[in-house]
Structures are given as structure tokens and as C-alpha cells.
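A.B. asks: One structure, pasted below without further comment.
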Amino acid sequence: MAADDEPLIDEDAGRLVRPYTVSNGRTAPTRRLDLMSLVASTGRVGQSDLTPEYARTLRLCKGPTSVAEVAAHLRLPAAVTKVLLSDLVDAGAVAAQAPRPAADPSDRRLLEILLDGLQRRL
Amino acid sequence: MAYSDGSDPFPTAVKVLVAGGFGVGKTTFIGSASEIEPLSTEELITAASAGHDDLHGVEDKTTTTVAFDFGRITMDPSHVLYLFGTPGQDRFWFMWEELSNGALGAVVLADPRRLQDCFSAVDFFEHRRIPFLVAVNEFDGAYRYTAEEVRSALKLGAGTPVLTCDARVARSATETLIALVRHLIAVPASP
Ligand SMILES: Nc1nc2c(ncn2[C@@H]2O[C@H](COP(=O)(O)OP(=O)(O)OP(=O)(O)O)[C@@H](O)[C@H]2O)c(=O)[nH]1
Ligand SMILES: [Mg+2]
């Protein structure tokens, strides 16, 4: 078992070798997830019931977290991360945000929230 | 997860892209503006899904990985802004396609030493009617263009804001994002 801080992707072995093995070679998730889809642990499945890769993935979604962030922390391609997360959703361990329509660029209320949020950071 | 009462415990995630040519300061900009260290991940791209004539260097592979980076800014408990950096090389245009899906708008960073490098980003957002502004990242010792010079060099429409920024400075990156949101508020909704 690789240490947590050791890259899962072995440059010499070819970048695609390791990631594919954790998802049994699958890159097609059973759920529609995109990079910004938010996922969160349901708390209904314990990590000890899962294989190490799934347990690591579950640990990364304690609170609502984007698929992109989970992928970055797992150091796995997003496509492979989506497979792991879909499996966790299917197992009831993780809840995924229901697909929402894309943010409307003319939604004045949303834009005001962004403006306030950004101005607070100045 | 949608509950039976129709509520959804997840915040609304919105996306803004940070684009521009190779080495223009996209990762630096995202790191300055983000509340987290910029993260990077890879997307698997299969050549079958690509079908473009400008795939030099990747045409011999069936699958390739494209790295992109992103940052996050929490606006309030129910709104999170994600910044996604587009890959700098034009040959990864198909990744831009995926990243731009659902984006509210974009910051196009321009390097004053090679303004023309952001042409393809400008083109991309104009064609997809994604609102954007051009921020000239002021590298030390580079010629200081006026906004009008940049506008005419890049053939920008009169409505597209042009400003300068220093991608290394949090305040400057944040001000650039504020200018983008003000621009979004000002542009009429597309038909
Ligand atoms: N002087 C100066 N240097 C900068 C500025 N912004 C970025 N740099 C430097 O320029 C280099 C490239 O910056 P990056 O942020 O990596 O650029 P990038 O657009 O992410 O590059 P790619 O992802 O490779 O396309 C780094 O060495 C930065 O430190 C700036 O505003 N002024
Ligand atoms: Mg970069």
C-alpha cells in the first residue's frame, strides 16, 4: 500500500497504468458527474467496509466537495475519480448533488452575491 | 441528494475560467485569488472524442491526459466560486470545451510581451458568447500598453473591458474578478 503522500501515478510505468487499476480499468462512471459536481459523505457506510482506494475517496468528501478537488487530492485523473465516486454513490456512502442547470449569467441576485463575496476579500 | 421536500443541502457552485497563452500567469492568478492552494488534476482525453486537425503531438495516442488547475473562493454558506485555469497550449482546445461548459465568464490574461498569444482565448469566448475581460499581466520591464492599444491589437469589441493586473498580488487578482462580475452585471442577457 503506497504511503499517502507518494504519487499514485508512476511516471516510468506510464501515467495511465496505476489509475486504471483502482477503477478496474473503467473510465465510464455510472452517474453523471462533472468537475464541479459537489459530493458529500452520507455517513451511512464506514471506511472499514471499503477497500483502501474507496476509503480514501470517502475521507475526502466529509463536507460538500467538488469532484475536481477530490481528484486533485487523490492525484487521480478526474475520469477515474468519477468512477470511484459513482460507485460510492451507488453504495449509499456518498451523496451527489442533483444536476442543476448551469448558473445563469444574467441572474442578478447571484451576481450581487459574487460581488459582495469578492469585495469582502479586498 | 434531493430531499422529499425538494431541498438540496449543497451550495451552488459557479465557475469562472482563467485563460490565456502558455506561461502568462494563469496558475499564479488562481493561487492569488483562491482561498486554497491552487490544486491541479488531470482529465483523460481520448483522441476519439477530439476530431480536430490541430492535435500535433497527441495524434499517435488514443488517450492523453491534460492537466488543469483550479482554486476556490467561498462566497457565503450557499455559494462557492471555482476558478478553473485552461491549459495554456492551443492543442488542448477540447479541454477548454469541457471546462467552459456552464462558466459564468472568463478572465483572459495577456502577456504584454506576446499579446497575440491570447488571440485563441479571445476567439474561443467570443464564439461561445461567454462574457470575458482582458487583463494584461504586467510583467516587469514589459512595454505598458494603453487599454486602447490592447483593444485594437486584439480586435476587441467596445464592450469588452481591458485592464491591467499583477497576478502575483491577491488584491489585484480579486479586483480583476470584481471587474468581471461588474461586467456580467452590465452586459445585457444574451437572447
Ligand atoms: N513579474 C511577474 N511575473 C509573473 C507574473 N505572473 C506570473 N509570473 C511568473 O511567470 C511565470 C509563469 O506563471 P504561471 O502562473 O505558471 O503561468 P501559467 O499561465 O499558469 O503557465 P502554463 O500553465 O504553463 O501555461 C512564473 O514564473 C510566475 O512566477 C507577474 O504578474 N509579474
Ligand atoms: Mg499553469
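A.B. asks: Please specify each residue of segment B:127-156 satisfying the condition of being in contact (Cβ under 8 Å) with a residue 24 or more places away in the chain and not in a loop (DSSP other than H, G, I, E, B).
C.D. replies: The answer is B:Phe132, B:Leu133, B:Val134, B:Ala135, B:Val136, B:Asn137, B:Val150, B:Ala153.
A.B. asks: Here's something else I'd like to know. Is it fair to say B:Phe124 is closer than 30 Å to A:Asp107 by Cα, within 16 Å of ligand 2 (Cβ to nearest atom) and either of a type outside the set (Lys, Arg) or free of Cβ contacts under 8 Å to residues at least 24 places away in the same chain (or both)?
C.D. replies: Numbers: closer than 30 Å to A:Asp107 by Cα: yes; within 16 Å of ligand 2 (Cβ to nearest atom): no; either of a type outside the set (Lys, Arg) or free of Cβ contacts under 8 Å to residues at least 24 places away in the same chain (or both): yes.
Taking the combined requirement at face value, the residue does not satisfy it.
A.B. asks: For residues in segment B:156-172 being touching a strand residue (DSSP E or B) at 6+ places or on another chain (Cβ under 8 Å) and within 15 Å of ligand 1 (Cβ to nearest atom), which is nearest to the other protein chains (Cβ to nearest Cβ)?
C.D. replies: From segment B:156-172, those touching a strand residue (DSSP E or B) at 6+ places or on another chain (Cβ under 8 Å) are B:156, B:160-167, B:172; that's our starting set.
So of that shortlist, the ones also within 15 Å of ligand 1 (Cβ to nearest atom) come out as B:163-167, B:172.
Details: B:Leu163: 15, B:Thr164: 17, B:Cys165: 14, B:Asp166: 15, B:Ala167: 16, B:Ser172: 10 Å.
Among them, the one singled out is B:Ser172.
A.B. asks: OK, next. What about A:Leu111, is it over 21 Å from A:Arg32 (Cα atoms) and aliphatic (A, V, I, L, M)? If you could, list the steps in order and put the result at the bottom.
C.D. replies: Values: over 21 Å from A:Arg32 (Cα atoms): yes; aliphatic (A, V, I, L, M): yes.
Yes; evaluated as a whole, the condition is true for this residue.
A.B. asks: Any residue that is under 17 Å from the mean Cα position of the chain (by Cα) and under 17 Å from B:Gln116 (Cα atoms) - is there at least one of those in segment B:163-185?
C.D. replies: Looking only at segment B:163-185, we keep the residues that are under 17 Å from the mean Cα position of the chain (by Cα), and these are B:163-168, B:170, B:172-184.
Cutting the leftovers down to under 17 Å from B:Gln116 (Cα atoms) gives us B:163-164.
For segment B:163-185, residues under 17 Å from the mean Cα position of the chain (by Cα) and under 17 Å from B:Gln116 (Cα atoms): present.
A.B. asks: Evaluate the following for B:Ala167: is it touching a helix residue (DSSP H, G or I) at 6+ places or on another chain (Cβ under 9 Å), part of a loop (DSSP other than H, G, I, E, B) and buried (at least 18 other Cβ atoms within 10 Å of the Cβ)?
C.D. replies: Working: touching a helix residue (DSSP H, G or I) at 6+ places or on another chain (Cβ under 9 Å): yes; part of a loop (DSSP other than H, G, I, E, B): yes; buried (at least 18 other Cβ atoms within 10 Å of the Cβ): yes.
In short, yes.
A.B. asks: Would you mind stating whether A:Gly63 is at pLDDT below 95 and within 11 Å of chain B (Cβ to nearest Cβ)?
C.D. replies: Working: at pLDDT below 95: yes; within 11 Å of chain B (Cβ to nearest Cβ): yes.
Taking the combined requirement at face value, the residue satisfies it.
A.B. asks: Among the residues of segment A:90-113, is there at least one that is part of a strand (DSSP E or B) and facing chain B (nearest Cβ under 8 Å)? Let's see the steps before the verdict.
C.D. replies: From segment A:90-113, those part of a strand (DSSP E or B) are A:94-96; that's our starting set.
Restricting the remaining residues to those that are facing chain B (nearest Cβ under 8 Å) gives A:95-96.
Yes, segment A:90-113 has at least one match.
A.B. asks: Would segment B:139-155 turn up any residue that is more than 10 Å from chain A (Cβ to nearest Cβ) and under 25 Å from A:Glu112 (Cα atoms)? It would help to see each step written out before you state the result.
C.D. replies: Our first condition is that a residue be more than 10 Å from chain A (Cβ to nearest Cβ); within segment B:139-155, this holds for B:139-155.
With the extra rule that they be under 25 Å from A:Glu112 (Cα atoms), the set shrinks to none.
Checked against the condition, which is being more than 10 Å from chain A (Cβ to nearest Cβ) and under 25 Å from A:Glu112 (Cα atoms), segment B:139-155 yields no hits at all.
A.B. asks: Kindly indicate the residue of segment B:100-114 that is surrounded by fewer than 24 Cβ atoms within 10 Å (Cβ to Cβ) and touching an Asp or Glu at 6+ places or on another chain (Cβ under 9 Å) and also nearest to B:Leu81 (Cα to Cα) among those meeting that condition.
C.D. replies: Checking each candidate, the answer is B:Leu104.
A.B. asks: Then there is this: When residues of segment A:90-122 are filtered for being more than 30 Å from B:Thr174 (Cβ to Cβ) and touching a Pro at 6+ places or on another chain (Cβ under 9 Å), how many remain?
C.D. replies: Looking only at that region, the number is 1.
A.B. asks: Then there is this: Quick check on this structure: which one of B:Phe29, B:Phe22 is out of contact with any His (no Cβ under 8 Å at 6 or more places or on another chain), within 9 Å of ligand 1 (Cβ to nearest atom), more than 8 Å from chain A (Cβ to nearest Cβ) and modelled with pLDDT of 95 or more?
C.D. replies: Values: B:Phe22 fails: modelled with pLDDT of 95 or more.
B:Phe29 is the lone residue from the list that is out of contact with any His (no Cβ under 8 Å at 6 or more places or on another chain), within 9 Å of ligand 1 (Cβ to nearest atom), more than 8 Å from chain A (Cβ to nearest Cβ) and modelled with pLDDT of 95 or more.
A.B. asks: Please go through segment A:75-89 and pick out each residue that is buried (at least 21 other Cβ atoms within 10 Å of the Cβ) and either closer than 27 Å to B:Ala170 by Cα or more than 9 Å from chain B (Cβ to nearest Cβ) (or both).
C.D. replies: Correct list: A:Lys82, A:Val83, A:Leu84, A:Leu85, A:Ser86, A:Asp87, A:Leu88.
The values are calculated or read from the model by the stated rules, or taken from the named source; none is laboratory data. Predicted model only: the values in this text are computed from it and were never measured. Don't worry about glycine lacking a Cβ; one is built from the backbone with ideal geometry, like all the others, and counts go over all protein chains shown.
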